[in-house]
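Written out below as structure tokens is the structure these notes cover.
The values are calculated or read from the model by the stated rules, or taken from the named source; none is laboratory data. These figures come from a predicted structure and were not determined experimentally. FYI the Cβ positions are ideal-geometry reconstructions off the backbone, even for glycines, and counts take in every protein chain you see. For accessibility, only protein heavy atoms count, side chains too; no ligands or nucleic acids. Shrake-Rupley method; radii C 1.70, N 1.55, O 1.52, S 1.80 Å.
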Amino acid sequence: MKKIVNIVAIFLVLFLFSFSINLYASSLSNINVSTDKETVHPGEEIKINIEFGESLGAYNFYIAYDNNLLEYVSGEGGIISDHGTRVQILFHDETGGSNPRNNLYIVFRAKEGIVTSNPTDLSVTAEGLGSPDASISYDDITTPIKKNIVVEPQYEDYKIELNYTGEIQKNEEKDMELVISSSMGKNYEHTRIIAEAVTPDNETVKLLATDSQDLEHDMIQSGWGEIQGDSIGGKDVRKELKIRGLFSGAGNYQITFKLIDRDNSDAEIASETFHIAVLDEVINGGGNTQVPGEEQPEQQPEETPETKPEIEENLTMEEETNTIEQMPTTLPKTGSTIYVSLFILIATITAGYFIYQKKN
């Protein structure tokens, strides 16, 4: 009988001990950790807020962070100490329970000079958690509560340019330069460049580029870059590709270049469309064209104020020339005209002599 009493007493003690633990120890089941943003750029601030779900009279929280990416700015919720890689927030209600707290927050700032995307987290642990009247001690938070964030620069979209000089003539290779650039380009590990073309009826276009192995590729047919893709990204990124365009006929062509992400089902990163006019034949280095099978009219020089006096002078010279040409080339015979004049002179003198004699 005494043995049975001892066994019952032991079970009673164990029950009371277990009950006291359940009464005076618990966990913060409603604790909530949040941030006001998921991505933070250099110089920007991010706030982490911790809601306890209960009023606490005492606690000691730790928030760990990557000090290569973030720096502590400020906070509220107790005595705050920054230890370089984690911030400590210590609180104890000295009023005995009349001034508890149910939340705290800490503000961090992203450091300057970051040029890549950096996934990281803010990790929360805690100890010394107690109710306002100290009747309940809450379990320590030893498994970190993590909030994932990304620290990255303010990226600029990639820009695609197609550069060349002069006119483009059919069936003649044209040197071109394709440029992909960004003052702050987002980082991609595996990208390729592809090209698409809309051509006039029954015409074709080739965009030829030569790789480091001296192999020629038509970007219209096979794109450009390693099959698995090439990396791109960073500050003042610039990729240049020398290509040669070959257009089979005259007309208007539409060429579209795309930068795609091989790691994301070839999703489009950047795209640009260019409209290219191809001539049948370049005249005088300009944009004039000749249509096959049609005779081109002879072009007359345009009359300008500078050329008009010259034309008038030429006309005057032509008129004088015509006048000279109209004059007789031989003089008329004048022998009979002289004899008549001498006869008249002799007759006049004779008549004058007879009149003079008669008067005397």
All positions within segment 118-149 that are open to solvent by less than 30 Å² (accessible area, probe 1.4 Å), over 18 Å from Ser29 (Cβ atoms) and not small (Gly, Ala, Ser) | Thr120, Leu122, Ile149
Looking only at segment 79-130, which residues are of a type in the set (S, T, N, Q), within 43 Å of the chain's Cα centre (by Cα) and either assigned to a strand (DSSP E or B) or modelled with pLDDT of 95 or more (or both)?
-> Thr85, Asn118, Thr120, Ser123
Matching residues in segment 133-162 - criterion: being in contact with a Lys or Arg (Cβ under 9 Å, 6 or more places away or on another chain) and closer than 23 Å to Tyr62 by Cα | Ile149, Val151
Only one residue in Asn32, Asn49, Asn67 is in contact with a Phe, Trp or Tyr (Cβ under 8 Å, 6 or more places away or on another chain) and not hydrophobic (A, V, I, L, M, F, W, C). Which one?
-> Asn49
For Glu203, indicate whether it is in a loop (DSSP other than H, G, I, E, B), in contact (Cβ under 8 Å) with a residue 40 or more places away in the chain and either of a type in the set (Asp, Glu) or closer than 17 Å to Glu272 by Cα (or both).
-> yes
Being within 22 Å of Glu38 (Cα to Cα) and of a type in the set (Ser, Thr, Tyr) is the filter here, so list the residues in segment 61-98 that pass it.
-> Tyr62, Tyr65, Tyr72, Ser74, Thr85
What number of residues in segment 238-285 are open to solvent by 20 Å² or more (accessible area, probe 1.4 Å), free of Cβ contacts under 8 Å to residues at least 60 places away in the same chain, of a type outside the set (Asp, Glu) and touching a strand residue (DSSP E or B) at 6+ places or on another chain (Cβ under 7 Å)?
-> 7
Tell me, which residue of segment 150-172 that is closer than 16 Å to Ile193 by Cβ and either among the hydrophobic types (A, V, I, L, M, F, W, C) or open to solvent by less than 80 Å² (accessible area, probe 1.4 Å) (or both) is nearest to the chain's Cα centre (by Cα)?
-> Tyr158
